[in-house]
Amino acid sequence: MALIFFTSIAVLCVLTEARGEVAQPPPKPPILSWPPTYNMSLSTFSNPDGSYTGPDSGVLLARDAQYGIITFDGNFEACLNDRAGPPGEPCKYKETQADVEQQAKNIKSINPHTRVFTYHNQEELLLRNQQDCLIMRDPEYVKFFIHNSTGIVNNQVRPRCTSIPNATYEAEDQYALDFRNENASRWWLETVIGAFLQSPVLDGFYWDCPTVTSPFSSELSPSEISDINTAMAATRQLAETRIAAAGKWALNMFDHLDTPNSCPITCSLFWRPESNCSRVCDRTPETCMKNLQQAASSRSRPGTMTVPYLAPSATPNLAVCSSGPSVVADINTPEPELALACVPGTGSMTVDFASFGLPRVRGNGRFIVCAGKNCSSSNVFYEDLDREMIFDASTPQSRDDCSACLHRKPLCTVVNVSAAYLSTRSVSLDPFSCGVQRNCASFAVDPNCDTGPAVLAALKAKCDGTQSCRFNISELTLRAPPKCSAANTTSPLRLAVRATGCQQGTAVASFREHLASFLLARGPQSWMGHNWIAGAHPIWYPEWDVDFGSPAGDVVFNGMTATRAWTKFNISMDCATFTADFVKVK
């Protein structure tokens, strides 16, 4: 089989010019040619897998289209592309390029300002990928791949997909490209990068695994590994030049904007429980100020700030009502912290009550799935029967949340409904969480579990009249009254607090402080959001809908405080107290 290389629309470079030792790090790529924007909703990014079995639609597609940048990982529509082709056509169903381009068209039909990025692993070739399959199944290209000690292509077989009924699947082969072979490097540039550059709807690219890693490196010598990594770096440098020249970009080319607290990288990943990170992140005044100054120094370059993925789950500070700041805090965790916040510009809070346990709420709902004729989606939804509203609950974590938070396992069974019935319900852009089940009108103090006037007074002294408050619950003297039910006082004891006066903001994981730091330090081409979140759905924070205007000046540092005037808000970050403030311009 003859393989046709895609021709890059950028100026072709001779790969051998970059061969050999790299004496100096590659130069910074050219400035991103996209027009600047300070629109907060368009200054966001996310990196999900997307659907494994077809393009995102409905509520998921609407969420995708909210972002300024959305990158679809290599697992996008994996179960469609994993299907085995008929004899003689092994690559028939490998349509990864066409799939992501169709997704981009669907997103841009809703929001033409959203930039859509695609993915390809630099080290690994996967049989399901459109360009990879052509050379993996053609013996002419066997020298393109890393071999093991017996001279056989090093193949790390991945489990097959089984999600599509009546489809034939094969185990997915996985090879590693040997970038010491100049033809292999040229193929990656001209075919993988070239196909992306020729796409009229894809705006950006993300390459994963930029070095050779185990198990592919397990039988290579240190010098062989070094040679491959040097060749990979040289190839990427050429790719960056071509991408920028074509008016596009790559996630790997963004500068990193430091967050106000220094945390292990795992704390920004979707699988890391936030309760663990609160004990290992450094938010000392000195670190906060150093990171702010470092982020501000990079504002002339395109940059991204990564924030923790706050999945809807039973976190220690579980938000329970969208009508005003409210929280259920687990007071038995190490360093238990209660945090409340308002969305900037919506007012300040007044604490109404403090009670033990989950407050009295009404959770009248069920999990449903479309079954039978005319069903276009197999997603599982949670149906709020009070509001006739449905929420996406297609991830296993969603149904786990139900039983974990509400202790009502029978509620977590799935009921079949017809397509006609489903069409009568409004779809929320918010994913399912325990908070979805809580009717805010019923969120009231439990008289038998009232914490008493002293606790309420302490909370009011800390929070009333503020946009946000945070303090260690161990400072309070908490004793559950004898009449408080056993369900509310055992494993763990929870403190429920409600406030009114403003729209509930995002308080956990220092999100509010991240937002302030981003607005203080950002330049005209900056984005805030999540790196790879795998099969989890992109989530949206209400703060991202706020119109902050545009910068009216530069950031000013004074001691442990940073301030910056925007046309619609004055924004500050006090590193001494790790407190952010957003004052609306009158």
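The values are calculated or read from the model by the stated rules, or taken from the named source; none is laboratory data. The structure displayed is predicted, hence computed values, not measured ones. When we count neighbours, we look across all protein chains shown, and the Cβ atoms used for this are built from the backbone with ideal geometry, even at glycine. When the accessible area is computed, the model is the full protein with side chains, heavy atoms only, and any ligands, DNA or RNA have been set aside. Shrake-Rupley method; radii C 1.70, N 1.55, O 1.52, S 1.80 Å.
Rg to Rh ratio, segment 194-240, alpha-carbon atoms and Kirkwood radius? Computed over Cα atoms, the ratio is 1.12.
Within the shell defined by Cβ-Cβ distances under 9 Å, the residues around Pro210 carry a net charge of -1, with Lys and Arg each +1 and Asp and Glu each -1.
For segment 164-248, the Kirkwood estimate of hydrodynamic radius, built from reciprocal distances between every pair of different alpha carbons, is 14.8 Å.
Taking amide H atoms as placed 1.01 Å from N in the peptide plane, the amide H of Ala444 lies under 5 Å from those of Arg360, each 5 or more residues away in sequence or on another chain. Around the amide H of Leu202, modelled in the peptide plane, lies no amide H under 5 Å away from a residue 5 or more places distant or on another chain.
Could you list the trypsin sites (Lys or Arg not before Pro) in segment 60-113 that lie in coil according to DSSP, counting only those with at most 15 other Cβ atoms within 10 Å of their Cβ? Let's see the in-between values first.
Working: sites: Arg63, Arg83, Lys92, Lys94, Lys105, Lys108; in loops: Lys92, Lys94.
Listed in order of number, the matching sites are Lys92.
As a length-normalised measure over Cα pairs under 8 Å and 6 or more apart, the relative contact order of segment 202-256 settles at 53 percent. Straight Cα distances below 23 angstrom link Lys143 to the lysines Lys94, with same-chain residues fewer than 8 positions distant left out.
Considering only protein heavy atoms and a 1.4 Å probe, what is the carbon-and-sulfur percentage of the accessible area of segment 90-188? Carbon and sulfur: 46 percent of the exposed surface of segment 90-188. Compactness check for segment 508-561: Cα Rg over 2.2 N^0.38 Å is 1.36. 3J(HN,Hα) along segment 95-103, derived from phi through the Karplus expression 6.51 cos²θ - 1.76 cosθ + 1.60 where θ = phi - 60°, amounts to 10, 4, 5, 5, 5, 6, 5, 5, 4 Hz, with x in place of Gly and Pro.
The tail of the calculated P(r) for segment 54-123, taken as Cα-Cα distances beyond 19 Å, holds 38 percent of the pairs.
Run the accessible area of segment 525-586 with a 1.4 Å probe and give the carbon-and-sulfur part as a rounded percent. Intermediate values should be presented prior to the final figure.
Values: 1420 of 2560 Å².
Roughly 55 percent of what the probe reaches on segment 525-586 is carbon or sulfur.
Coupling constants for segment 63-75 follow from the phi torsions by the Karplus curve (6.51 cos²θ - 1.76 cosθ + 1.60, θ = phi - 60°), and in residue order they are 5, 3, 6, 7, 7, x, 9, 10, 10, 9, 6, x, 7 Hz; glycine and proline get x.
Remark: segment 463-586 projects, on average over all directions, an area of 11.6 nm² (convex hull of Cα atoms).
Sorting the segments 510-520, 212-222, 178-188 by their residues' average number of neighbouring beta-carbon atoms within 10 angstrom, most packed first, yields 510-520, 178-188, 212-222.
Output the peptides 364-374, 241-251, 122-132 sorted from most to least packed, where packing is the average of other Cβ atoms within 10 Å over each peptide's residues. Don't skip to the end; give the middle numbers.
Working: 364-374: 15.4, 241-251: 19.5, 122-132: 22.7.
Averaged packing, sorted descending, gives the order 122-132, 241-251, 364-374.
Tell me which lysines have Cα within less than 19 Å of Lys586's Cα, excluding those fewer than 8 residues away on the same chain? Within reach: Lys568.
Grab the Cα-Cα distance for Ser221 and Lys92, subtract it from 0.36 nm times how many residues apart they are, and report the gain in nm with one decimal.
Values: separation 129, 0.36 × 129 = 46.44 nm, distance 3.74 nm.
Gain on stretching Ser221 to Lys92: 42.7 nm.
The amide H of Glu172, built 1.01 Å from its N in the peptide plane, has Arg158, Arg160 as neighbours under 5 Å, considering only residues 5 or more places off or on other chains.
For segment 72-189, the per residue solvent-accessible surface stands at 43 Å², with DNA, RNA and ligands left out and a 1.4 Å probe.
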